[in-house]
Structure formats: structure tokens, C-alpha cells
1. Give me the percent of accessible area attributable to carbon and sulfur for region 276-417, probe 1.4 angstrom.
2. Of ILE292, LEU252, GLN277, whose Cα points farthest to the positive end of the dipole of region 250-364 (charges on the beta-carbon: +1 Lys, Arg; -1 Asp, Glu; origin at the Cα centre)?
3. In nanometres, what is the gap between the two model label sites at LYS142 and THR51, each 7 Å from Cα along Cα-to-Cβ?
4. Over 22 Å between Cα atoms: which of LYS238/LYS439; LYS238/LYS438; LYS238/LYS391; LYS183/LYS276; LYS229/LYS438; LYS142/LYS229 fall into that group?
5. With a sphere of radius 12 Å drawn around the Cβ of VAL313, what net charge do the other residues whose Cβ falls strictly inside it have (Lys, Arg +1; Asp, Glu -1)?
6. Applying a 10 Å radius around every beta-carbon, put 106-113, 393-400, 315-322 in order of their mean neighbour count, most first.
7. Considering only the other residues whose Cβ falls under 13 Å of the Cβ of GLY289, what net charge follows from Lys and Arg at +1 and Asp and Glu at -1?
8. Given axes a ≥ b ≥ c from the Cα gyration tensor, I'd like to know whether region 243-305 is rounded (a/c under 1.5), prolate (a/b larger than b/c) or oblate.
Amino acid sequence: MMCVVWTSSIPSHSLPSQTDPDTDRAGSGAGSSRPVWNGLVTQQTVLQSITADDPSFTGTGYTSLAVIYAVFAVCNWAAPSIISVIGPRAAICLGAVTYGFFISTFLYPATWLLYVSSAVIGFGAAVIWTGQGNYLTLNSTKETISRNSGVFWAMLQCSMFFGNIFVTFAFQGKTHIDEATRKLVFSVLLGVAALGLVFVLLLRPAAVDLTAEKEKKNAAPAGPLQALKRAAELSLTKEMALLGATFFYTGLELSFFSGVYSPSIGFTTKIGENAKQLVGLSGIFIGLGEVIGGALFGLMGRRTTRSGRDPIVIMGFLIHVASFFLIFLNLPNNANFGDTTDDAYIDPNQYVALLCSFLLGFGDSCFNTQIFSILGGLYPDDSAAVFALFKFTQSVAAAASFFYSPSVGLYIQLAILVVTGTLGTITFCLVEWAERHKKTDSEVNSESSDPDTASPRTPALSQD
């Protein structure tokens, strides 16, 4: 599997968030911006510590994020063309190198280098995600794609679980991340990323269907321009238009649970004296939900193939709605803006907060494993293009969340998630049901045309 994807990620929510007196007013939430992307809590706090040590460093996590988003969204359109030239395994390796480069810039920080590496990793993320989706599809069949998607997702989310544990202990009791601690953490992350790259180099070549490969050789060669054209054509199809709503929801909920929810727990002072410590624990419980969900759906791969993907997506949606309702009751509306003493509908409870973290992670695994499965099952010959469209739509949604989250209260964000989640679940089910109906019709037609399975006819009576 794609080792580097989960080994080279910067852990998220690993540190109690700090309040900047110049931008935050405790309890008011006015004029403050909050992290809204995986790893930004850690990155922004580290960058603040670097600025404290070196005033000439002026880089911010928010600007870095904006650069990553912009490049990532644009490069998703170029990724299928790149993969058509170098193949999925080489694309994963190329993306892995960019992840390692981004991590290494924190060892010797410079403002210009931060933004250059942000652009580089934006490109690398597009290539590595599209490449791994293509590689996963090529090494799966319609019977094994659900299982493989679940196993991949569980292994991917191990970074969130183990990474948060590591950084929580490394940053324990620190309000300022000194240079020695920074170098220790990012050296370990760089080492793990390098190890992931080694494993990727050891991956077997993508499996090839010899019959399909022969047909491709007889047909016109599919070059970079053809790959780009095919991606554009697929984006206009009915199925991709419907799935686009599902993709968009996953981008919004990813931004919410990875950058809005966990800091909101830390800002809710009535949750207890250990509110700040719960930020890291929230990330761990989100990762735990992701890993358990991925592993469970990997084991249930064959059953999913028989009964369909829609029950799992519907279950994920219901789990998310339940978690949104509990968050609505447990946290005040302005909890995402900064430290607040406002009341929620119930007394804020740390156990309810961590339960919601787990449910958010588990529900997310329901959606993502089945999206990987349906894309690999429906588009085995165009997997690079459809996975690029998936990540493009998801990144656009996450970018939208990045812009509105700092100025929109928690309750409105929850309402947005419920509406888009409902729409995304419905559209996913429509595509799944249409595909199942098409498969059933195909099997019926196949049986009726088979003379061995056709119903026997009564022999005609002889005319004497």
C-alpha cells in the first residue's frame, strides 16, 4: 500500500492552542482566525515559536495553507497527465520527495523557503493522491476494491493516531517550542517520511490486465493531453456530477474535524481546567475512529461488494449527524473564535467532546473508504482522472471552509455540514443504486443469452 501517504504527514492537533493577544479576545471571538486544516494547529504554533526566536521570520501557517490549497487545486488537473507519462508508482515517489522537502524546511526555517515548499507540497499532494488512487485501483478487482480501500484508509490514518501521541509527549508542558524540540520532532518526521519512501520503492509494479494492455497498444497512445482531456470529459458526466456533492461534503467535514472542532474544545473553558490538553486527545480519538473504521470496512470488503456501499455511507452520515447534534449541545456557538466562558445547551463535558471526536473520525472513514471503492469500481480504466477530480473538488470545499470558518459561528458551520452531508449522501446513493441496477440488468441479459441457462422449450408435436 501507499506507505508514504501516512508516514510523511505532519500530525494534527498535537498541541494546546495558544491565544495571540493581538488577534484574540478571550470569550468574545471577535476578529480572530482559527486553524482549519490538518496539521495547522501544530504548524502555526511552531511558526510562532520560530518568530519569537528569530523576528526576521514572518511566515504564517495561514498563508502557507493558502498557497498549498491554490497549487493543490490547480495541479489536480495536471496529475493524470503526469501519471500517464511516469506511472503511479513513480508519481507516489515524486510526491513523497515533496513531503520530505516540506518537513525539512522546518529544520532551517526561512520565510521564503516556507512558501516555496508550500507550493512544492501542493504539487506533490496532487500527484501522490492521484497516484495512490490509480495504484490502488490497478491492484484491485471489483471484488477486492472495497477491502483494499478499507485497509489503505486504516493504514493512512495511523499517522493521525501515532503522530498525535508522539507530538503530544514531545510538546508536553511547553508554551514555547524551542529550537532543540523543533529539530527533534521534525527530524523524526523526516526520518519516517524517508522510511515511507523506501517502502514505496519496494512496491511491486502495478498489476496489468494483459488483454486490456494489448487493446491499448493497438489503440492510439494516451499521452498527457489525452489524459487531461479525459479528466475534463469525466467531470461533465452525470455520475461525476452527482458524486461531486459527496466529494464536496468530505472536504467541508475534513476541514471541520481537523481544524475547527479540536481547537473549539480547547477554547471552551467551562469544559474543565484540562481543556487545552483535550485538543491533542481529540486528534488521537479522531485518528482512532478513522483507523477502526478503515480496518472494519477492510474486513467487511466482500460483504460490502455483495450488499452495496450505500449502507456504509448512510451509516457514516447518521453517525456524523449524531456527532453534530452532540457538539451543538456540548459547545457554545463562539467556541471556534477563541477562549470563551459562554454556556452551551448542556454543561460542557470532556467525555462527550472526545466521543464526538471518535464519531467524526469513524464517520469520515465511512465516506472515504466507499468513495475510493466506488471510484475504483466504476472507473478502473480512468482511475487517475477520477481520483484527481475527487481531490480537486475536496480541496475546493476545504478552501471554502478555510475562508468562512474564521468568521462563522460553530452552529452555522454545523448546519452547513448537515445540509451538504444530506445532499452528498443522497447523490452517492443514487450513483450506487444506478450502478447496481445496471449490473443486475447485465447479469439478467447474460443469463438469457446463454443457451445453457436458458429455460427449456417444450418440443413441438410431430404432424403425422
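The values are calculated or read from the model by the stated rules, or taken from the named source; none is laboratory data. Computed from a predicted structure; not experimentally measured. So basically every Cβ, Gly included, is an ideal-geometry build from the backbone, and we count neighbours across all protein chains shown. Note: areas computed on protein heavy atoms with side chains; ligands, DNA, RNA excluded. Shrake-Rupley method; radii C 1.70, N 1.55, O 1.52, S 1.80 Å.
1. 68
2. Positive-end residue among those listed: ILE292.
3. According to this spin-label approximation, the distance is 5.5 nm.
4. Among LYS238/LYS439; LYS238/LYS438; LYS238/LYS391; LYS183/LYS276; LYS229/LYS438; LYS142/LYS229, the Cα-Cα distance tops 22 Å for LYS183/LYS276; LYS229/LYS438; LYS142/LYS229.
5. That sum, taken over residues with Cβ under 12 Å, equals -2.
6. Values: 106-113: 15.0, 393-400: 22.1, 315-322: 19.6.
Ranking the peptides 106-113, 393-400, 315-322 by packing returns 393-400, 315-322, 106-113.
7. -3
8. Oblate, since a/c reaches 1.5 and b/c is not below a/b.
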